[in-house]
């Protein structure tokens, strides 16, 4: 009798593992315009949005859209000031200018630590309104504020989250969202 070689995989295992990895991407193809991808969004803000979405049983993209929509409306009504600052040697402006560092030769510990690179952080939301994506793009473009879209989204999220924390913005799921995201056995 030949000992079993663990590197050998039966036909059944091959078929099962191939089927397990296959997944229909129909929803992604059909709703491509409802997917928003932004680079440079503050990860702490994204986590807060995700937490709120879990609390109110709504998709994260819809919560982010509601917060950003509220902020854009406040900007249009001049309740939110977004003043971009010029960055030397760069084509785009910024909403978050870095303060000049105090030159202190005694403290070098902090400079040795690796600094996170904000533009490498990519945030993706599904169930995000295409109209809202266009509004963000237009405002961030050269004809608008001329700032990176991720910075703009961070500023808008921060304003919307502050309004939510203050009770000025109430998030309530629509009936379709509650029905589709409810755990089995729970009536809504």
For the range 140-158, pairs from a residue that is in contact (Cβ under 8 Å) with a residue 40 or more places away in the chain to a residue that is surrounded by 24 or more Cβ atoms within 10 Å (Cβ to Cβ) and assigned to a loop (DSSP other than H, G, I, E, B), with Cβ under 8 Å and 6 or more apart or across chains, are 150/41; 153/41; 154/41; 157/41
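The rows are residues; the columns are (1) over 14 Å from residue 80 (Cβ atoms); (2) modelled with pLDDT under 85; (3) not in a helix (DSSP H, G or I).
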| site | (1), (2), (3) |
| --- | --- |
| 137 | yes, no, no |
| 143 | yes, yes, yes |
| 154 | no, no, no |
| 162 | no, no, no |
| 176 | yes, yes, no |
| 183 | yes, yes, yes |
| 188 | yes, yes, yes |
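The values are calculated or read from the model by the stated rules, or taken from the named source; none is laboratory data. Everything numeric here is computed off the predicted structure, so don't read it as measured data. Here the Cβ is made from the backbone with ideal geometry for all residues, glycine too, and neighbour counts use every protein chain on show.
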